[in-house]
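The values are calculated or read from the model by the stated rules, or taken from the named source; none is laboratory data. Nothing here was measured: the structure is a model prediction, and the numbers come from that model. Every residue, glycine among them, receives a Cβ derived from its backbone with ideal geometry; neighbour counts consider all protein chains shown. Heavy atoms of the whole protein, side chains included, go into the accessibility calculation; ligands, DNA and RNA do not. Shrake-Rupley method; radii C 1.70, N 1.55, O 1.52, S 1.80 Å.
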Amino acid sequence: MANLPDKDKLVRNFSRCLNWEDKYLYVIELGAQLPALDEAERQAGNLISGCQSQVWIVMRTDEQGCVEFHGDSDAAIVKGLLAVVFILYHQMTPQQITELDVRPFFAGLALSQHLTPSRSQGLEAMIRAIRIKAAQLA
């Protein structure tokens, strides 16, 4: 997460994009900044069902009880969406993750209206899986 912007900077950067193509390229750029996922973590238990692309999400808590995220996807835009989701949940506890309503955040980015239906469903599947895993970590 060291290379990724925080939530406020992400929103500012999105607002500076002149059109959806710029936002799309920015999302892809964010995904490219995610650290590589270990092959050992590319296992069925970390694979997210409901995504058209392959998506792996690994979650564990740190010493302060906050959730650390690692993940990858075989599709550049989906990997970028994964980075956006990780930014949203950065430095949150499992309980905070399960209680957060993510809709206002994504509405503020105006992402949903520009995603294909299958990508929107995949984004929802990622968020649902993260909330379930966070509840298990709590």
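Only one of the listed residues (55, 67, 102, 78) is modelled with pLDDT under 95 and surrounded by 21 or more Cβ atoms within 10 Å (Cβ to Cβ). That residue is 78.
Against the conditions (1) surrounded by 19 or more Cβ atoms within 10 Å (Cβ to Cβ); (2) at pLDDT below 95, residue 50 satisfies every one except (1). Please determine whether any residue of the stretch 46-59 is over 17 Å from residue 123 (Cα atoms) and either without any contact (Cβ under 8 Å) to a residue 12 or more places away in the chain or outside any strand (DSSP E or B) (or both). The answer is no, given that none of the residues of the stretch 46-59 is over 17 Å from residue 123 (Cα atoms) and either without any contact (Cβ under 8 Å) to a residue 12 or more places away in the chain or outside any strand (DSSP E or B) (or both). Of the residues that sit in the stretch 3-36 and are part of a loop (DSSP other than H, G, I, E, B) and over 19 Å from residue 71 (Cα atoms), which one is least open to solvent (accessible area, probe 1.4 Å)? The selected residue is 17. Against the list (1) assigned to a helix (DSSP H, G or I); (2) under 30 Å from residue 18 (Cβ atoms), the condition residue 96 fails is (2). Here residue 133 meets the list (1) within 14 Å of the chain's Cα centre (by Cα); (2) farther than 17 Å from residue 27 by Cα; (3) open to solvent by less than 30 Å² (accessible area, probe 1.4 Å) almost entirely, failing just condition (3).
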